Amino acid sequence: MKHEITPQESKRGQAYSLWIKSPMPMVTLTKTFDITRLQKIAKQRRVKLNMLLCWCIGKAATQIEEFYTLPEGDKLFRYDRIAINVIVNNIKGGINSCDIPYNDNLETFNNDYKILTQKTADSCESIFKEDSMII
(Lines give C-alpha, C1' and ligand atoms only; values in the text may rest on other atoms or scores of the structure.)
Protein backbone atom coordinates (compact mmCIF):
# COMPACT_ATOMS: atom_id res chain seq x y z
CA MET A 1 0.00 0.00 0.00
CA LYS A 2 1.15 3.52 -0.64
CA HIS A 3 0.11 6.83 0.81
CA GLU A 4 0.90 10.42 -0.08
CA ILE A 5 3.32 12.31 2.14
CA THR A 6 4.20 16.00 2.35
CA PRO A 7 7.65 16.33 0.73
CA GLN A 8 8.83 19.15 3.00
CA GLU A 9 8.12 17.04 6.09
CA SER A 10 10.07 14.06 4.80
CA LYS A 11 13.80 13.38 4.83
CA ARG A 12 13.72 13.71 1.05
CA GLY A 13 12.15 17.17 1.04
CA GLN A 14 15.20 19.02 -0.25
CA ALA A 15 16.02 16.37 -2.87
CA TYR A 16 12.35 16.35 -3.93
CA SER A 17 12.41 20.08 -4.62
CA LEU A 18 15.56 19.68 -6.74
CA TRP A 19 14.39 16.86 -9.01
CA ILE A 20 10.59 17.12 -9.10
CA LYS A 21 10.73 18.97 -12.43
CA SER A 22 13.40 16.67 -13.88
CA PRO A 23 12.25 14.65 -16.90
CA MET A 24 13.76 11.45 -15.44
CA PRO A 25 14.39 11.68 -11.67
CA MET A 26 16.46 8.54 -11.29
CA VAL A 27 19.80 7.92 -9.68
CA THR A 28 21.93 4.94 -10.60
CA LEU A 29 24.73 3.85 -8.31
CA THR A 30 27.44 1.50 -9.44
CA LYS A 31 29.91 -0.41 -7.33
CA THR A 32 31.88 -3.60 -7.84
CA PHE A 33 31.20 -6.30 -5.28
CA ASP A 34 33.03 -9.55 -4.67
CA ILE A 35 30.24 -12.15 -4.67
CA THR A 36 32.47 -15.20 -4.20
CA ARG A 37 30.93 -15.90 -0.80
CA LEU A 38 27.40 -15.58 -2.20
CA GLN A 39 28.30 -18.04 -4.97
CA LYS A 40 29.37 -20.58 -2.33
CA ILE A 41 26.20 -20.02 -0.31
CA ALA A 42 24.03 -20.39 -3.43
CA LYS A 43 25.78 -23.65 -4.28
CA GLN A 44 25.54 -25.00 -0.72
CA ARG A 45 21.85 -24.14 -0.36
CA ARG A 46 21.09 -25.11 -3.97
CA VAL A 47 19.44 -21.79 -4.76
CA LYS A 48 19.87 -19.52 -7.76
CA LEU A 49 22.59 -16.93 -7.40
CA ASN A 50 20.36 -14.27 -8.97
CA MET A 51 17.68 -14.93 -6.35
CA LEU A 52 20.25 -14.59 -3.58
CA LEU A 53 21.55 -11.32 -5.05
CA CYS A 54 17.99 -9.98 -5.27
CA TRP A 55 17.34 -10.95 -1.64
CA CYS A 56 20.53 -9.15 -0.54
CA ILE A 57 19.52 -6.02 -2.46
CA GLY A 58 16.09 -6.13 -0.82
CA LYS A 59 17.63 -6.68 2.61
CA ALA A 60 19.88 -3.64 2.16
CA ALA A 61 17.05 -1.48 0.77
CA THR A 62 14.73 -2.22 3.69
CA GLN A 63 17.31 -0.73 6.04
CA ILE A 64 17.17 2.67 4.29
CA GLU A 65 13.98 4.68 4.81
CA GLU A 66 14.39 6.69 1.61
CA PHE A 67 13.99 3.55 -0.51
CA TYR A 68 10.31 3.49 0.47
CA THR A 69 9.51 6.87 -1.15
CA LEU A 70 8.87 7.72 -4.79
CA PRO A 71 7.59 10.79 -6.67
CA GLU A 72 4.62 10.36 -8.97
CA GLY A 73 3.66 13.44 -10.91
CA ASP A 74 3.97 16.34 -8.50
CA LYS A 75 3.30 14.22 -5.40
CA LEU A 76 5.52 12.13 -3.13
CA PHE A 77 4.38 8.71 -1.96
CA ARG A 78 5.61 6.35 0.74
CA TYR A 79 5.18 2.62 0.22
CA ASP A 80 4.76 0.07 3.00
CA ARG A 81 6.55 -2.70 1.08
CA ILE A 82 9.49 -3.23 -1.24
CA ALA A 83 9.67 -5.56 -4.22
CA ILE A 84 12.64 -6.47 -6.41
CA ASN A 85 12.27 -6.29 -10.18
CA VAL A 86 13.82 -9.05 -12.29
CA ILE A 87 13.83 -9.61 -16.03
CA VAL A 88 12.72 -13.10 -17.05
CA ASN A 89 13.31 -14.98 -20.29
CA ASN A 90 9.95 -16.28 -21.46
CA ILE A 91 9.16 -19.48 -23.35
CA LYS A 92 8.73 -17.58 -26.64
CA GLY A 93 12.30 -16.29 -26.54
CA GLY A 94 11.35 -12.81 -25.37
CA ILE A 95 11.64 -11.16 -21.99
CA ASN A 96 9.18 -10.00 -19.35
CA SER A 97 9.38 -8.07 -16.13
CA CYS A 98 8.58 -9.68 -12.79
CA ASP A 99 8.32 -7.98 -9.38
CA ILE A 100 9.17 -10.21 -6.41
CA PRO A 101 7.88 -9.00 -3.03
CA TYR A 102 10.76 -8.77 -0.55
CA ASN A 103 10.56 -10.98 2.52
CA ASP A 104 13.13 -11.15 5.35
CA ASN A 105 12.76 -14.91 5.33
CA LEU A 106 15.09 -16.22 2.60
CA GLU A 107 13.11 -19.44 2.12
CA THR A 108 9.86 -17.53 1.61
CA PHE A 109 11.54 -15.10 -0.79
CA ASN A 110 13.07 -18.03 -2.70
CA ASN A 111 9.66 -19.73 -3.03
CA ASP A 112 8.06 -16.49 -4.26
CA TYR A 113 10.98 -15.97 -6.67
CA LYS A 114 10.62 -19.46 -8.15
CA ILE A 115 6.83 -19.34 -8.45
CA LEU A 116 6.59 -15.82 -9.89
CA THR A 117 9.48 -16.10 -12.34
CA GLN A 118 8.16 -19.45 -13.61
CA LYS A 119 4.66 -18.01 -13.98
CA THR A 120 6.10 -15.05 -15.91
CA ALA A 121 8.20 -17.29 -18.14
CA ASP A 122 5.29 -19.62 -18.92
CA SER A 123 2.62 -16.95 -19.46
CA CYS A 124 4.84 -14.45 -21.30
CA GLU A 125 3.13 -11.76 -19.21
CA SER A 126 4.85 -9.36 -16.84
CA ILE A 127 3.92 -9.31 -13.16
CA PHE A 128 3.85 -5.91 -11.47
CA LYS A 129 3.37 -5.20 -7.76
CA GLU A 130 1.62 -1.81 -7.83
CA ASP A 131 1.39 -1.76 -4.03
CA SER A 132 5.17 -1.98 -3.53
CA MET A 133 8.15 0.27 -4.07
CA ILE A 134 10.15 -1.40 -6.82
CA ILE A 135 13.92 -1.73 -6.52
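The values are calculated or read from the model by the stated rules, or taken from the named source; none is laboratory data. Bear in mind the structure is a predicted one, so any value in this text is a computation, not a measurement. When we count neighbours, we look across all protein chains shown, and the Cβ atoms used for this are built from the backbone with ideal geometry, even at glycine. Keep in mind that these areas ignore ligands, DNA and RNA; they rest on the heavy atoms of the full protein, side chains included. Shrake-Rupley method; radii C 1.70, N 1.55, O 1.52, S 1.80 Å.
Listed by first and then second residue, the pairs with beta-carbon distance under 7 Å, at least 6 apart or on different chains, first residue in region 55-73 and within 19 Å of A15 (Cα to Cα) and touching a residue at least 40 places away in the same chain (Cβ under 8 Å), second part of a helix (DSSP H, G or I) and open to solvent by less than 50 Å² (accessible area, probe 1.4 Å), are F67/A61; P71/Y16.
Test L76 against the criterion of being within 26 Å of M1 (Cα to Cα), surrounded by 10 or more Cβ atoms within 10 Å (Cβ to Cβ) and of a type outside the set (V, I, T), and give yes or no. Criteria met by L76.
One line per residue, one yes/no per condition, for (1) touching a residue at least 12 places away in the same chain (Cβ under 8 Å); (2) loosely packed, with under 12 Cβ neighbours inside 10 Å:
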residue	(1), (2)
I84	yes, no
K92	yes, yes
Q118	no, no
M133	yes, no
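On inspection, I100 qualifies as under 13 Å from the mean Cα position of the chain (by Cα) and not small (G, A, S).
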